[in-house]
Every structure is written in C-alpha cells, then in structure tokens.
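Presented below is the structure to which this report refers.
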Amino acid sequence: ERRVEAVLHQVELSMKQRSTNFGMVVMHAIASAFAHSSPSDERSLIHALNESVTVNGKIERLVQEMRANPLFWQEQLIQTFLIKDPTTGELIFREDLVAVAMDADVHFVANQEAAEKENLAGLAAQLGDGDMLEIDRLSRELAEAQAQEQDPSCLPTLSVREDVPRIPEEMITYDDVHGDHGLLWINDQKTNGVVYFRALFDTSEVPVELLPLLSL
C-alpha cells in the first residue's frame, strides 16, 4: 500500500509540476481522449479532455476504492487485461483491447528533402532572368550586412543597478514561526496545488563533524 501511495504521489507531482516536459505530459494525458472520443461531438470531446487532465478527483477515488477493498488494484488489472477461458477457466489476455502503436517513418528525412527540392524547382520555374538577378543581388547585400561587426548597444539590457520589478507586497504574507528565531514568508502562486518550500538554517552551532551531513 505504501508503494502504491508513493507511485500515486509521483504521478500527481508529474501532472501538476510545471517542468521542461510539462507540455509533453499534458499531451500524453489527453491522447486517450482523442483516441476514444468522437471528433464530431465537440461537447463530448471537451468533456473527455477535461477529465483526462483532472488529477485530484481520480487519485482521491482510487485511494477510497483501495481502502474499501485492499484487492481493488489487482481486480481492476485482471478485469482490464485478462479474461477467463470458457474452456479451461484459466486467465488469458484479452484480444479485444484497443492498442495505439506509433512507428517512426524511416524515410521521413528523405521525403522532406525530396519535397523541398520539388518545391524549390517549382518556384525557380516561375522566375525569369531578371528575378534571378534580383535574388542574387539581395543575397549578396544580406551576406555583406551579416559579415559586418554588430553593435550590441542597440539591444535592450538590464543591469543589477536598475530597478527590477519585484513581487507585489500584497502577494506575500509574513508569519513569525518561533518569535525571533524564524520568519515564514508565503508567496501565493498558481502552482497547481503544489507547495514549494525553501528553508534557511543557522548552522553556526552545528558541530564541524556533522556539517557534511547537512545535505541529507
């Protein structure tokens, strides 16, 4: 049970935490909605999309089902993937499951290059001698402009001496944790229900031999 709860916790964090692959996680979550919903029924599709990215309700329901029935997980796996053989009564894999398989096109790059060459050939056939000379002239001017030394002073810059926008004061609340020994700052952000905590500790009284253990 503790292992299942740990896995559920990881799933919940992966769905809520905004990381570099957050978009890919959302895309994988809604893939089943597109695979099993009718594209013609827009309302049904939108409902399926909303349900596919709703995490809290599904996790709470699964936890309640597992508490009511300790074998709920095993029974669901058997019901989903296995079926009794009518002849022998043994559990066998179901053959009516829907499987979505994606294979990379080994000729994708070659087809892209061929399509690009065909497109360029079609565009070149529509150009006259004067057009080709004009393109050649513009290309030379562009190459000369790119070869010149660039002036970075025209780019927008920001230095530490300038007034950097800060978090509005109304978004931060303060709370004394232990009087003069600690201060808790709370910054309310839209983080999908995930709470991030950072702490600073005074290690002046920690023995030297225990300092290497602080990272633990």
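The values are calculated or read from the model by the stated rules, or taken from the named source; none is laboratory data. From a predicted model like this one, the values you see are computed outputs, not experimental measurements. When we count neighbours, we look across all protein chains shown, and the Cβ atoms used for this are built from the backbone with ideal geometry, even at glycine. Just so you know, the surface numbers come from the protein's heavy atoms only, side chains and all, with ligands and any DNA or RNA stripped out. Shrake-Rupley method; radii C 1.70, N 1.55, O 1.52, S 1.80 Å.
Identify all residues within region 58-82 that are of a type in the set (D, E, K, R) and over 30 Å from the mean Cα position of the chain (by Cα); write none if there are none.
Arg67, Glu75
Considering only residues that are free of Cβ contacts under 8 Å to residues at least 60 places away in the same chain and open to solvent by 100 Å² or more (accessible area, probe 1.4 Å), look in region 62-80 and name the one that is farthest from Arg2 (Cα to Cα).
This residue is Gln79.
What number of residues within region 142-185 satisfy the criterion of being at pLDDT 85 or above, of a type in the set (Asp, Glu) and either in a loop (DSSP other than H, G, I, E, B) or surrounded by 10 or more Cβ atoms within 10 Å (Cβ to Cβ) (or both)?
Qualifying residue count for the region: 1.
Residue pairs, Cβ under 8 Å, 6 or more apart or interchain, first in region 1-16 and within 14 Å of Leu71 (Cα to Cα), second open to solvent by less than 50 Å² (accessible area, probe 1.4 Å) and modelled with pLDDT of 75 or more. List them.
As it stands, the answer is Glu1/Met66; Val4/Met66, since those pairs meet every condition given.
Go through region 1-57 and tell me which helices (runs of 4 or more DSSP H), entirely inside it, have 1 or more residues that are open to solvent by less than 60 Å² (accessible area, probe 1.4 Å), more than 20 Å from Gly193 (Cβ to Cβ) and in contact with a Leu (Cβ under 8 Å, 6 or more places away or on another chain).
22-36
Can you tell me which of Asp105, Asp96 is at pLDDT below 85, part of a loop (DSSP other than H, G, I, E, B) and either under 30 Å from Ala35 (Cα atoms) or of a type in the set (Gly, Ala, Ser) (or both)?
Within the list Asp105, Asp96, the selection yields Asp96.
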